[in-house]
Amino acid sequence: MPIYEYRCNTCGHELEALQKLSDSELRDCPTCGQPELKKLISAVGFRLKGSGWYETDFKKSNQKNLAKSDAASSSDSKPSGACDGAGGCGTCAPAATA
């Protein structure tokens, strides 16, 4: 179930609500009681880890883009989309050696 964020236009109170897609939007603010809650648009933050996802199951055998631990990936990884010219990005082929 998705988590939706709401803000009251009257008092500015913000809250998160775990709701089904079929549930109607919340209207009444739990702080001031006014029917002024508005759903906010926010960025979704999730990561698909483990087997069964494209990163682990459908890559070429010589490419491994497995998720690292969050601490390691945030400190010493390149920004996504960076190309090192060695073929690791999947967009270019490695340079032929003679």
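In segment 50-60, how many are loosely packed, with under 12 Cβ neighbours inside 10 Å and either part of a loop (DSSP other than H, G, I, E, B) or modelled with pLDDT of 90 or more (or both)?
5
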*asked:* Can you find, within segment 1-44, the residue that is surrounded by the most Cβ atoms within 10 Å (Cβ to Cβ) among those that are basic (Lys, Arg) and under 21 Å from the mean Cα position of the chain (by Cα)?
replied: Lys39
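The values are calculated or read from the model by the stated rules, or taken from the named source; none is laboratory data. Computed from a predicted structure; not experimentally measured. Neighbour counts run over all protein chains shown; Cβ positions are idealised from the backbone, glycine included.
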